[in-house]
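For reference, the structure discussed in these notes is given below.
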């Protein structure tokens, strides 16, 4: 696969890498370095914001990149089934038209 990325895709990729790396790095740092009591609230707030941005970046990446292929395949399959149904209904001459009546027989 030798596909060229657009500048926007490159920026998205680097931003996602940066956010995930920053979040993981912050977690590792806080495991080994204690947070001063005076800065506890601000650090907790900033790590919370960073985790939200990381989740959003990963969600966008997987929804747009990987999910798009699945959606395209599903749409193609569904459109193909619809086209087959229309062709078969129109081709046999038995399709219902406006003004046709339908009678249902009861089975004993």
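The values are calculated or read from the model by the stated rules, or taken from the named source; none is laboratory data. These numbers come from a predicted model, not from an experiment. Cβ atoms come from the backbone with ideal geometry, glycine included; neighbour counts cover every protein chain shown.
Side notes on the structure shown:
- Some residue of region 39-46 being at pLDDT 85 or above, farther than 21 Å from residue 63 by Cβ and loosely packed, with under 10 Cβ neighbours inside 10 Å: no
- Any hit, region 19-27, residues being at pLDDT 80 or above, exposed (fewer than 11 other Cβ atoms within 10 Å of the Cβ) and assigned to a helix (DSSP H, G or I): no
- For first residues located in region 58-83 and closer than 27 Å to residue 21 by Cβ, partners that are modelled with pLDDT of 80 or more and lie 6+ apart or on another chain with Cβ distances below 7 Å form the pairs 58/16; 58/20; 61/16.
- So residue 52, is it assigned to a helix (DSSP H, G or I) and over 19 Å from the mean Cα position of the chain (by Cα): no
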